[in-house]
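Asker: A single structure is presented below for examination.
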Amino acid sequence: MRLKKQLLAEIAEYLRLHYDSPNPPFSAGESQAFAPRAAKRMARAKGSAAREIPDADDAVVLDECAAPQPSARYAAPAPIADDRMAGMPAPTAAYGDLSSRLNTLDESFQQALFRLIDERGMRDSTCYKRAGVDRKLFSKIRSNPSYRPSKPTAVAFAIALELDLDDAADLLRKAGYALSHSSKFDVIVEYFIVNRRFDLRELNEALYEFDQPLING
């Protein structure tokens, strides 16, 4: 499946507006542009630029930026002897507070996933097939309440369940992840969720065009 040029242009524009990078992928005049793979094809057609060879001054700068060698003056301090710690009180209050927090954990990813499946009246098999997850992995998630999936798998379930951005972010957070505007992968996923394009094959094609890892692919 090939993405339409209009969709690629929309994703490129969304990246320009939302991707936080010191080297933006597109300037304002280029946002209608091409995905990186198309841009590479154009670059090859125009010919490759000559490689720059550092001169002597550059070599000096590079040498100055090299990691410093260890010195005896900056040797690591000697470890504290055990008897110096003997008189310190045990942090019982802190440990007690931590224990209470661990006993009141939020809903896990596994619990949230099956709750969302039930709320949508969806069959388990429909969900994991839409997510591109095999039955063996899905059974592993079902049998382990503390199971933590990879980020692409968590995203795949958000797409399969057709979650809005808030619910998708909440599901990812329960797996220990977030959608960040410092990641092209995340911004492209966000674009598809915001625009309610819940076709995993189409999302993977967009990720491929922008040189990002595929989801369960």
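Asker: Do you know which residues across the range 140-152 are touching a residue at least 24 places away in the same chain (Cβ under 8 Å) and either over 15 Å from Ala178 (Cβ atoms) or exposed (fewer than 15 other Cβ atoms within 10 Å of the Cβ) (or both)? Let's see the steps before the verdict.
Answerer: In the first step, residues of the range 140-152 are kept if they are touching a residue at least 24 places away in the same chain (Cβ under 8 Å); the result is 141-142, 144-149, 151-152.
Correct list: Ile141, Arg142, Asn144, Pro145, Ser146, Tyr147.
Asker: If you don't mind, there's one more thing I want to ask. For the range 186-215, name all the residues that are under 27 Å from Asp106 (Cα atoms) and out of contact with any Phe, Trp or Tyr (no Cβ under 7 Å at 6 or more places or on another chain). First the steps, then the outcome.
Answerer: Taking the range 186-215 as the starting set, the residues that turn out to be under 27 Å from Asp106 (Cα atoms) are 186-187, 189-190, 193-194, 215.
Within the range 186-215, Asp186, Val189, Glu190, Ile193, Val194, Ile215 qualify.
Asker: How many residues does the range 172-184 hold that are under 11 Å from the mean Cα position of the chain (by Cα) and open to solvent by 20 Å² or more (accessible area, probe 1.4 Å)? Quick ask: steps written out before the conclusion?
Answerer: Going residue by residue through the range 172-184, those that are under 11 Å from the mean Cα position of the chain (by Cα) are 172, 176-184.
Restricting the remaining residues to those that are open to solvent by 20 Å² or more (accessible area, probe 1.4 Å) gives 176-184.
Residues in the range 172-184 being under 11 Å from the mean Cα position of the chain (by Cα) and open to solvent by 20 Å² or more (accessible area, probe 1.4 Å): 9 in total.
Asker: Let me ask you something else. Ser150 - would you say it is modelled with pLDDT under 95 and out of contact with any Phe, Trp or Tyr (no Cβ under 7 Å at 6 or more places or on another chain)?
Answerer: Working: modelled with pLDDT under 95: no; out of contact with any Phe, Trp or Tyr (no Cβ under 7 Å at 6 or more places or on another chain): yes.
So Ser150 fails the test.
Asker: What number of residues within the range 192-204 satisfy the criterion of being touching a helix residue (DSSP H, G or I) at 6+ places or on another chain (Cβ under 9 Å) and open to solvent by 10 Å² or more (accessible area, probe 1.4 Å)?
Answerer: Of the residues in the range 192-204, the ones touching a helix residue (DSSP H, G or I) at 6+ places or on another chain (Cβ under 9 Å) are 192-195, 197-200, 202-203.
Pick out the ones that are also open to solvent by 10 Å² or more (accessible area, probe 1.4 Å) and you get 194-195, 197-200, 202.
The qualifying residues number 7.
Asker: What are the pairs, 6+ residues apart or on separate chains, where a residue within the range 184-207 that is closer than 14 Å to Leu17 by Cα and modelled with pLDDT of 95 or more has its Cβ under 9 Å from a residue that is assigned to a loop (DSSP other than H, G, I, E, B) and open to solvent by less than 10 Å² (accessible area, probe 1.4 Å)?
Answerer: Lys184/Phe210; Ile188/Phe210
The values are calculated or read from the model by the stated rules, or taken from the named source; none is laboratory data. Note that the structure is a prediction, hence the values are computed from the model and not measured. When we count neighbours, we look across all protein chains shown, and the Cβ atoms used for this are built from the backbone with ideal geometry, even at glycine. Just so you know, the surface numbers come from the protein's heavy atoms only, side chains and all, with ligands and any DNA or RNA stripped out. Shrake-Rupley method; radii C 1.70, N 1.55, O 1.52, S 1.80 Å.
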